[in-house]
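Just so it is clear, none of the values below were taken in a lab; they were calculated from the coordinates. Treat the numbers as computed from the prediction; the structure is a model and nothing was measured. Cβ: placed from backbone, ideal geometry, glycine included. Neighbour counts: every protein chain shown.
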Amino acid sequence: MAHDLIQKLREACGEDNVVTHADQLRTYESDGLLRYRVTPRAVVLPGSAREVQAVLRACHEAEVPWVARGSGTGLSGGALPVEEGVVISVNRMNRVLEVDLPNQRMVVEPGVTNLDVSKAAGPTHFYPPDPSSQIVCSIGGNVAENAGGAHCFKYGFTTNYVTGLELVLPDGELIELGGKELDRPGYDLLGAFVGSEGTLGIATKITVRIVPVPEAVRTLVAFFDHTSNAGRVVSDIVAAGIVPGAIEMMDSLAIEAAEGATHAGYPSDAGAALVVELDGSEAECEHRFQEVEKLCEDNGATSIRVAQDEAERQLIWKARKAAFAAMGRVSTHYYVQDGVIPRTRLPEVLERIEELSKEYGMPVANVFHAGDGNLHPLVCYDGHTEGQAERAEELSGKILTACVDAGGSITGEHGVGYDKKRYMPRMFEEADFDAFQRLRCAFDPAGMANPGKVMPTPRLCGEVPGPYRQHPLEAAGIAERF
Amino acid sequence: MSAELVAECGRAGKALRVRGAGTKFEWGTPAPDPEVVVSTAELDRIVEHNEGDLTAILEAGVPIARAQEQFSAAGQMLALDPPLGEGGAATIGGVIATGDSGPLRHRYGAPRDLVLGMTVALSDGTVAKSGSKVIKNVAGYDLAKLFAGSFGTLGLILQVVVRLHPQPKRTVTAIGRSNDPDAVARGASDLAHASLEKECVDVRWGGGEGAALGRVGGETAMEQAEAAARVLAGAGLDTEVVEDDFELWAFQRDSQRSSDRAVMRVSGRQAELARTMRAAESLGGSLVARASLGISWVTLDPERIGDLRRELAPFPCVVLDAPRDVRASLDVWDAEPSPLAQRVKQRFDPAGVFAPGTFPV
Ligand SMILES: Cc1cc2nc3c(=O)[nH]c(=O)nc-3n(C[C@H](O)[C@H](O)[C@H](O)COP(=O)(O)OP(=O)(O)OC[C@H]3O[C@@H](n4cnc5c(N)ncnc54)[C@H](O)[C@@H]3O)c2cc1C
């Protein structure tokens, strides 16, 4: 059986594009979240939608589950292989098929990186969703995770930019949803697919909307003694009706790590750093930028650096974007979550994180998209000491509980995947899962697409219940159902 | 209450239609009168308005106009401005269920883009929620998108969480007129592609003349509008900058409805705008369009519906307003049902009671 399937995969995609050797399989054992590892039975690298179809048909017939994989940068174990399953890597499908500037659309294959999408739209246009991992992550992975980024508070997320998808359903059928046009008649199945974490099918072609590059961009970083000051600036900016292109906050520990790694000139004794970027029409940008500077001063900024040119702007961003990777300088191991809170609850949630950090004796660095309340608490721990990883995980879980208690979410952009499915019941109830499962069953009744992710407990799809029929007893007037 | 009524219909297999203010109740394929009409009139609470977080929770029957009043008092808006129908009565649930939108869609998106969370009642008695009340969330499937634009055929929308935006302090509009559809389309496109930030970019055409309109907002709206007018002039349009621009946009919105002619929504492309204007003109119709999004609303005599479709094929032209007998005589949706959509319908509405026969499934 197993041998049969592998043979079919080879026939579909060519000998070289099927990996079964233990050493090579190791590359695919985990995604960006290295804590979890599963060795798949095989990895296959199709080069076209047709090949993806053949692969899915073969898996369907053999009843073998599979997991799609883009660049493997996911942070929730979404692309973690299934035991004895197949990993389907779309990396070879990496062509930009069309740049249609007059209609503000691009058509790309799923393996194209996020940055390459934006580059191909340039220099006059760009693709707004910009995850920090944009140099590596794939647009297919972005679609699956509904990826966000620093500029999403103003511009929106992946789901607001995808207008068309070609995808292969788990039984091998190729379908198209949407296109270059908006509002095609019928259900918005495209909207339901984006963010479905690889559980509904494989995207093989993606049409996105691109927008003109703004006339002006103005960037500053302001430093404060404490995150509460920076938090007040954010509230004041929003209250003033200003919508920054990006507004990002870092606390002292994150600043220390990022500065050590990048030498961007952030004062290492600062309690908080706030990066604010305004973009848009030149006149408006200039006007409002002065307001932002004033709000920083009013809330006790210890210093403000305004980027005078693109090089300086890049330097400001370099520290922010390096914050994750730089944590390695502060701690051997860290665990990152991406809980979301209503922004006005920031002070109390940060306080709670500080409390938890003390209680567990583990430093927690905070880097976050302040505009939309998307936290990225990095829990630092010593992975060489037994039990620490588990305690870090427990602490992270408590942070997520604090987010949900504040009216927020367990994940703003990284997805539920394998890692956070156990936290799903903190946000959703049985009836909600039941509704999710209906969608899943419509796309994947056999449950072969990325099983064991998103939902807290495994579920099967029953037969579609037929139309209601009157029970003979009812017909006879013996019983009624009300 | 209404959730229980839905469950009851599900159990008894009674066909039902959900009704908000009834301003778009006729849209869709005409079907026999339902056995039960589920009204959302009593679901009229603004449950939360979280000013600092720019979100609100509304029950489905809240009239949009009433919610806007409250948001406006805080300098905020729900960036959703479709025509609100007779007496401005349209409810949030009805607008979301029909996926209707207005000129602000240019910058802020459609209902699907503004809904953060949703609670629905299904025909087997399930009451389920998806999404959350924060502006960024990817936990669970985004079922609100599926229900937005589903015309009440999957379930009853009980409550929604919406994202709000700050209201621009001032808006000013640049308008460029011409009797040459190519010039109007070029002007609108140039403006769409210009690096200026626009709230709305629209086009209108009728009676041999038309215009491209760009609305800008903010403290420096005047300066920006002048820049926009220069772009329109560059395309050969006769331009004007209008400070008191409410009427201009009310016209764009209102032209999406008609009480005596047919209104068709064309899912087209930006580069096809001139062709769409010409088609409308040649059939004695008029048009308003979201230029950069490529969506047009064409108003014409009902007898010309088929002609417009032929002219604009393969772009789908959905009939919105039209006399009932006309809508009964043709496929209002201009679409083939897909097996996947049918499976979705069967799963969410297993009793098959939600507005049977009105939607392309
Ligand atoms: C340093 C760092 C910074 C990051 N910053 C951000 C950030 O700012 N914002 C953000 O949103 N994310 C961020 N991420 C997370 C990650 O980069 C995103 O989730 C990204 O979208 C994943 O893309 P990928 O190609 O790596 O997907 P993978 O990790 O390979 O896969 C992710 C999921 O997508 C599915 N999938 C992949 N391709 C397809 C396809 N073609 N069809 C269907 N399903 C598919 C997989 O099955 C899996 O469930 C960051 C990650 C790292 C390591």
Next item on the list: Enumerate by residue number the GluC sites (Glu not before Pro) in segment B:270-334 meeting two conditions: DSSP loop (anything except H, G, I, E, B), and at most 10 other Cβ atoms within 10 Å of the site's Cβ.
Entry: none
Next item on the list: Filter the GluC sites (Glu not before Pro) in segment B:30-117 down to the DSSP loop ones having no more than 11 other Cβ atoms within 10 Å, then list what survives.
Entry: B:Glu42
Note to self: I want the local charge near B:Gly94. Using Cβ-Cβ distances under 10 Å, sum +1 for each Lys or Arg and -1 for each Asp or Glu among the other residues.
What the structure shows: +1
Check: When the helices in the protein assembly as shown are scored as -39500 (n - 2.57) per DSSP H run of 4 or longer and the sum is shared across all residues, what 222 nm value do you end up with, to the nearest 500 deg cm²/dmol?
Finding: -9500 deg cm²/dmol
Checklist line | Sorted by Cβ density within 10 Å, fewest first, the residues B:Phe71, A:Phe193, A:Phe433 | finding: A:Phe433, B:Phe71, A:Phe193
Notebook entry, point to check: In a shell of Cβ-Cβ distance under 13 Å around B:Pro323, excluding B:Pro323 itself, what net charge do Lys and Arg (+1) and Asp and Glu (-1) give?
Noted result: -3
Notebook entry, point to check: For segment A:49-196, what value does the Rg/Rh ratio take when both radii are computed over Cα atoms and Rh is the Kirkwood radius, given to two decimals?
Noted result: 0.96
Notebook entry, point to check: Going by how many other beta carbons lie within 10 Å of each one, how would you line up A:Asp405, A:Asp432, B:Asp260, fewest first?
Noted result: B:Asp260, A:Asp405, A:Asp432
Checklist line | Cα Rg, Dmax, chain B, angstrom units | finding: 20.7, 64
Check: Dipole size in debye (nearest 20) for the protein assembly as shown around its Cα centre, Lys and Arg Cβ +1, Asp and Glu Cβ -1?
Finding: 1260 debye
Item checked: Cα centroid of segment A:363-428 to Cα centroid of segment A:270-334, whole Å -> 25 Å
Item checked: Ranked A:Arg288, B:Arg11, criterion: other C-beta atoms within 10 Å, fewest first -> B:Arg11, A:Arg288
Item checked: Helix A:310-326 vs. chain A, principal-axis angle (Cα, 0 to 90°, nearest 10) -> 60 degrees
Next item on the list: Assign unit charges at the C-beta atoms only (+1 for Lys and Arg, -1 for Asp and Glu), then state the dipole size of segment A:216-324 relative to its Cα centre in Debye, rounded to the nearest 20.
Entry: 220 debye
Next item on the list: Quick one: Debye curve from the alpha-carbon atoms of segment B:262-328 only, equal weights, vacuum; give me log10 I(q)/I(0) at q = 0.16, 0.17, 0.20, 0.28 Å⁻¹ to two decimals.
Entry: -0.44, -0.49, -0.68, -1.31
Check: Shielding of B:189-202 by partners, i.e. mean partner chain Cβ atoms within 10 Å per residue?
Finding: 4
Next item on the list: Give, as a single signed number, the net charge of other residues whose beta carbon lies under 10 Å from the beta carbon of A:Pro445, with Lys and Arg counted +1 and Asp and Glu -1.
Entry: 0
Check: What is the helix-to-structure angle for A:2-13, meaning the angle in degrees between its Cα long axis and the longest Cα principal axis of chain A, kept from 0 to 90 and rounded to the nearest 10?
Finding: 70 degrees
Checklist line | Cβ-isolated cysteines (cut-off 4.7 Å), chain A | finding: A:Cys13, A:Cys59, A:Cys137, A:Cys152, A:Cys285, A:Cys296, A:Cys380, A:Cys403
Checklist line | Shape of chain A, Cα gyration tensor, a/c cut at 1.5 | finding: prolate
